[in-house]
1. Could you list all residues from the stretch B:256-313 that are acidic (Asp, Glu), out of contact with any strand residue (DSSP E or B) (no Cβ under 7 Å at 6 or more places or on another chain) and buried (at least 18 other Cβ atoms within 10 Å of the Cβ)?
2. May I ask you to verify whether A:Arg360 is of a type in the set (Lys, Arg), more than 10 Å from chain B (Cβ to nearest Cβ), surrounded by fewer than 23 Cβ atoms within 10 Å (Cβ to Cβ) and in a helix (DSSP H, G or I)?
3. Please count how many residues of the stretch A:465-480 are under 20 Å from the mean Cα position of the chain (by Cα), modelled with pLDDT under 95 and small (Gly, Ala, Ser).
4. Just a yes or no: is a residue in the stretch B:198-221 acidic (Asp, Glu), under 14 Å from the mean Cα position of the chain (by Cα) and more than 22 Å from B:Glu2 (Cβ to Cβ)?
5. Quick one: count up the residues across the stretch B:24-39 that are modelled with pLDDT under 95 and in a strand (DSSP E or B).
6. For the stretch C:92-114, give me each residue that is part of a loop (DSSP other than H, G, I, E, B) and more than 7 Å from chain B (Cβ to nearest Cβ).
7. Within the stretch A:287-301, identify whether any single residue is within 24 Å of B:Lys79 (Cα to Cα) and either in contact with a helix residue (DSSP H, G or I) (Cβ under 7 Å, 6 or more places away or on another chain) or within 11 Å of chain B (Cβ to nearest Cβ) (or both), and answer yes or no.
8. Name the single residue that is nearest to the other protein chains (Cβ to nearest Cβ) among those in the stretch A:332-343 being touching a residue at least 12 places away in the same chain (Cβ under 8 Å) and of a type outside the set (Val, Ile, Thr).
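The values are calculated or read from the model by the stated rules, or taken from the named source; none is laboratory data. Predicted model only: the values in this text are computed from it and were never measured. As a convention, Cβ positions derive from the backbone with ideal geometry for all residues, glycine included, and neighbour counts pool all protein chains shown.
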Amino acid sequence: MSAMRGLGIRALHHELAEGRLTASDLIQDSLAAIETADGRVGAFLHVTRERALTQASAGEGVSGVPAPARGLLAGIPFAAKDNLCVEGVPTTCASRILEGYVPPHTATAVRRIETAGGVLIGKANLDEFAMGSSTENSGFHPTHNPWDLTRVPGGSSGGSAAAVAAGFVPYALGSDTGGSIRQPAAFCGVVGLKPTYGLVSRFGLVAFASSLDQIGPLTRSVEDAAIVLQGIAGWDELDSTSVQVDIPDYLASLTGDVAGLRVGVPAEYFETDMDQGVRDRVMEALDTLRRLGAEVRTIRLPHTRYALSAYYLIAPAEASSNLARYDGVRFGVRANDAPNLLAMYERTRSAGFGPEVKRRILIGTYALSSGYYDAYYKRAQQVRTLIRQDFQTAFAEVDVIVSPTTPTPAFRFGEKADPLTMYLNDIYTIPVNLAGLPAISVPCGLQDGLPVGLQLIGRPFDEPTLLRAAHAYEQAAGFSGLRPTALGEVQ
Amino acid sequence: MEFETVIGLEVHVELRTRTKIFCSCAVEFGAASNSRVCPVCLGSPGVLPVLNEEALKLGIRAALALSCEVRRSSKFDRKNYFYPDSPKAYQISQYDEPIGERGCVVIAGTSAPRSIGITRIHLEEDAGKLTHSPFGDASLVDLNRVGIPLIEIVSEPDLRTPDEARQYLEEIKSILQYCGVSDCRMEEGSLRCDANISLRPVGQATLGTKTELKNMNSFRNVVRGLEYEQERQRAVLMAGGAIVQQTLRFDEATGTTIVMRSKEDAHDYRYFPDPDLPRIELTQAYLDARRAEIPELPAQMRARFEQAYGLPTYDALVLTSTQRLARFFDVAASQAVDPKAVSNWLMGDVLGYLKEMGEDIDAQPMRPEQLAGLLRLIDDGTISTKIAKTVLRDMMTSGQDASAIIEQQGLVQISDEAALREIAERVIAANPKSVEDWRAGKEKALGSLVGQMMKETKGKANPQLVNRLIVDMLRD
Amino acid sequence: MTSELNLAGRLGERVEGHFVHLTTDDVVHVAALARLHVTSEETESLVLELSRILDYARDLQELDLTGVPATSQIGITTTVVRADERRPSLTAAEAVANAPDEDEGMFRVPAVLEG
C-alpha cells in the first residue's frame, strides 16, 4: 500500500517509467488494501484479481516496465462502477435482477483505458441501476464513507468514490445522471468530474436515463481527472450521441492562472436551505478564487426551482423504458414458478428490482402513459429547455459557475428514508445534467470532520476552462491532500 | 340496405440492406436461429443503436416514389410493449414525425383509375420470431429478424373493394421493387399486410366501426380475408347488429377470421422520443439525390409503352409487372419493326417457357437485342414462326443468336419455289384421297396436304408459299 | 453540524393546498403497464409516495410554457449514420449464454397464453 500513498497518476507513471515500481506492484498494493479494508467500506461488488494480475504482468512482459510513451494510464489500476460492462466480467448494476450476468461487450470508456494499459481492479458498488444518492439502494450491500463509517458515501457512484477516498485505487470511473459522480465525490472528499453530455461514449454504460447519463472520473486531484478524461473522451461510432469534436490537451489547460476569470454565483442556489457549514466553506472558496484574481459576480438561473421536478419526471420516464428489457428472457435472473408469460414478467421484475427502482419505473410509466404525457413528460421537457436557456444566458456573462455540490455533507445511513427528501440532495447537481454541461466537484474543506464539495460548472465542451479553474482553486486551497482517518493505517 | 366497403391497409416492407437498421449484423433470410444477433439485437444492458445510412436512404427513396412529402426533420420514438419478440421491450419506430406523409398511388380501380392516399410512411425495426411449443407450455424465441429495417406504409381508407386492396398492394410492391427498396416477397415476409375494414350505408359520410385483419400471408389471402370479413360485417349489419371493434386473425385453412383481441385490450405504448438517436435532419441536396435514384416507375412505363409502342393497356400492364421484364421489352421493342409482336412473343412463349423453367427473365441468357433479331428473321422470311418457337427455346438456354442457331441446325426456311413445287407434286401424287376431298369442297383436306409438305421439309418450308403452291396445283 | 434541514419546506406548504392524489387503481394500472407485481400493502404505500412525488411536480403545471420547445436530447444536431457494412454477429451459443432458459439456441419462455 505504501507505494501508492499520496501519489497521483503522473507520479505513479514516473515511478513505473523509472523502474522503481512495476505494474504488478501497484496491482498487489491495490489488492492488498482492498483485502485489508474493503470489508469495512464495501466499495466493491466484484474484484477482478486474477484478470488484473494477468494483465499487469502481460503489460510488463511487453516492455519490461511501461515506457513513458505508453501513456500516463499504463500499468495503473482503476475501478469501474458496476454499471459499466466489461466483457467476461460480471456486471450487475447492484441489482439482483442482473446477478450472474456476464456481458459479451466492453464499455468504450473502459476499453480505451485498457487499451492505454490501465488495469481494472474491480467493479464498484452503486445504488441499484444508479438510482439513488447514498448507495443504500444497492441490491447487495451498502458502501460506507471512509471518513465516517456510520455515514453514506453518497451515490450513486458511492463505491467508486469510497474506493478512491480509501486509497484502494488512484482513480475510478463513475456515471452521473443527476449528480451521481459529483455528490459522492463531495461526500468522500475526492474530485469528481461529469463531462459535457456527448464527450464520453455511453456505449457499455447500462442506461438509467439516456439523455442525462454521462461517464466520468473520480480522482484524488484535478490533474488526475484531466488525465483520465483525456483517456476516455472522444467520438465513438457505437454511440450516436457522442460528439465529433477535437479533444484538447486537458493537462495543458492546468495553468494555475485564473486571473480575470469570470466566476458566476447563482443567487437561486444560495436561496435554498443549505447547511451553514457548507455555505461557509463555499464562501471561503469564493474568497480564494477572488484572491487568485478571479472576478466573482452574482448571476440568475431563474428556473432552478423547476429543475428537480423536471428531472424526477424525465429520468424515471427514460428509466421506465430502459429497464423494461430486464424481463427474464435473455439474461439475468428469472422467477421460476410462473405458469405463464405475464406472471413470469411480473414475478421476475418484482423480485429482481429493489423499492427505489420500482418507484421510479412506476413514476416514469405514469408520466409517459396515455393522458398524462402532456401534463408531465412534455412539460418537463419544456422546462428543460428553459433551464438550458438560463445557463446559456449566464454563460454570456461568466466563464464558470460556482456553487456547493450538495446542501449538506455526508448523512447517516437511514437518515433520508423518505424518497423525496433524498431527491432534494441533488438540487445543485441536477440542473447541470438537464443542460448537458460539464461540472466538477472539488473538496473545499471540512465541516465537523466531513468533506464539503465545491461544484464548478462550465460551458459545453469547455472542460479546459473548467479544469483550469478547479485546478487553480485546488492548488491554492490545498484540500485535496486531506485523507480520511476512519480506516486507520490502511491509507 | 346498400353498403359501401371501406378498406385501409397497413403494409410493412423490409428494406433491402446488407445489415440491420441499428447494428451491423447481416440481414439474411433462413439463417440458423440466433446466429445473426449481437448485443444490440439482444437488447443487452448498455448497448446503443446507430442508424444504418442505407436504411434511411431506402426509406426516403420509398417515400418519394410513393409521392410523399418528406420531412426535412424527423425523429425516432420508442414504442414500449412487453413481448418476447421485442428484446428491449420497446420498438424503435417513428410516432408523430414520420419521414413521409400525404403520398398516393394510382390503381386501375373497378371501373376507372383511382388515386389511393398514403397517410404516412415511417421507418422502424422488425421484431423477433416466436415458435410455440406443440405442448402449449412454452415458446421459443429467435431474434435473427430483430432489427431488420422496415418501412410501414399506412393508406387512407380509400379502398372500396377487396380487389382494389389487391391492386393497391400490387402497385406498392411493383413501385418498391422498381426502386430497389425491397424484394417485397410476401412468402418470405419481406412484405406484410394488415387491413382495416368497415362498412357504411351508401351515401353516409362517417365511417362505420372497423375491424383490423392480420395474418394474411399472400395477396390471395388478403382478398379472401377481406371478402370474408366484408360478408361477415354485412350479415351482422343486415341482421340489425353492431360491429365490435376488434383485431382479427385470418385463418388460411378455414378461410375465416378469428378474434385476437378486443379494443379494451388496446395497448398504451407510451411513445416518447428515443434519446439514443439524434434527430434526422435532411438537406435539400440529400433529398434531391434520393429523388435522382428513383428510376422510371411502373405507371410511367405503362403509359409510355402504350403511347410509344402502341401497346394495349393489358399488354403494358403485364410487361411492367416486373422492372426486369419491362426493361427487356423496352430494349427489344425499340429494335423491332413491330413492338406488338415483341409483346406477343414475350407474353406468350417467353413467359411460358420461363414459367416452365421457374426462372426470371434475367436468369436466362437471351438478351432483348437477340429477341429482336429473331423477330427480324421471321419478318424477312428466313424462318417460319413455328421454327422460331424452337429457335427461341434454344436461345433461352444457350444464349446464342437466332441466326447462329438457324445456321448450325439448317433451319433456314425453304422459299425456293421450284424445289417446293417438286415436293408438292410428290405429296399430291401420294395423297389422292385428300385431293379428292378438297375438290369435293372439304377445305380441311388442304391442311393435311400442307402438313405433309411441312413433314417432308422438316418444317422448314415457307408456309405461305406452300399454301399458295398446293392450291394452285390442285386447281390446275 | 446540521443534519435536519427543512429542504422539504416547499413541499409541506403544498401538501395543505392541492395534493395530487393517485388512486389505488392508478397504481395498479401503472404497475400492470410496467409488468410489476405489487402487493396490496405495497400499493398502499406507493399511492402515498408516488402522490407526493407527483405533487412536487405540480409547479410545472403553474408555468406558462406556451411556445417553449421540448428538449428531449442535448448535443448532436445533425443526422448520425453508419455505413451499411456487415460485422460478425455472436454465435448462437454466445447469444443465449446468459439466458435463464434456452433450448437449442433459442430463448425459452413460458407459454404466452394464460396457463
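1. B:Asp276
2. So A:Arg360 does not fit the description; no.
3. Within the stretch A:465-480, residues that are under 20 Å from the mean Cα position of the chain (by Cα), modelled with pLDDT under 95 and small (Gly, Ala, Ser) number 1.
4. Going through the stretch B:198-221, the residues acidic (Asp, Glu) turn out to be B:212.
So of that shortlist, the ones also under 14 Å from the mean Cα position of the chain (by Cα) come out as none.
Within the stretch B:198-221, none of the residues are acidic (Asp, Glu), under 14 Å from the mean Cα position of the chain (by Cα) and more than 22 Å from B:Glu2 (Cβ to Cβ).
5. 0
6. First, pick out the residues of the stretch C:92-114 that are part of a loop (DSSP other than H, G, I, E, B): C:96-101, C:104-105, C:111-114.
If the condition is that a residue be part of a loop (DSSP other than H, G, I, E, B) and more than 7 Å from chain B (Cβ to nearest Cβ), then C:Ala97, C:Asn98, C:Ala99, C:Pro100, C:Asp101, C:Glu104, C:Leu113, C:Glu114 are the ones that fit.
7. First, the residues of the stretch A:287-301 that are within 24 Å of B:Lys79 (Cα to Cα): none.
No: zero hits.
8. Our first condition is that a residue be touching a residue at least 12 places away in the same chain (Cβ under 8 Å); within the stretch A:332-343, this holds for A:332-335.
Subsequent filtering for residues that are of a type outside the set (Val, Ile, Thr) retains A:332, A:334-335.
Numbers: A:Gly332: 7, A:Arg334: 4, A:Ala335: 9 Å.
Checked the stretch A:332-343; the qualifying residue nearest to the other protein chains (Cβ to nearest Cβ) is A:Arg334.
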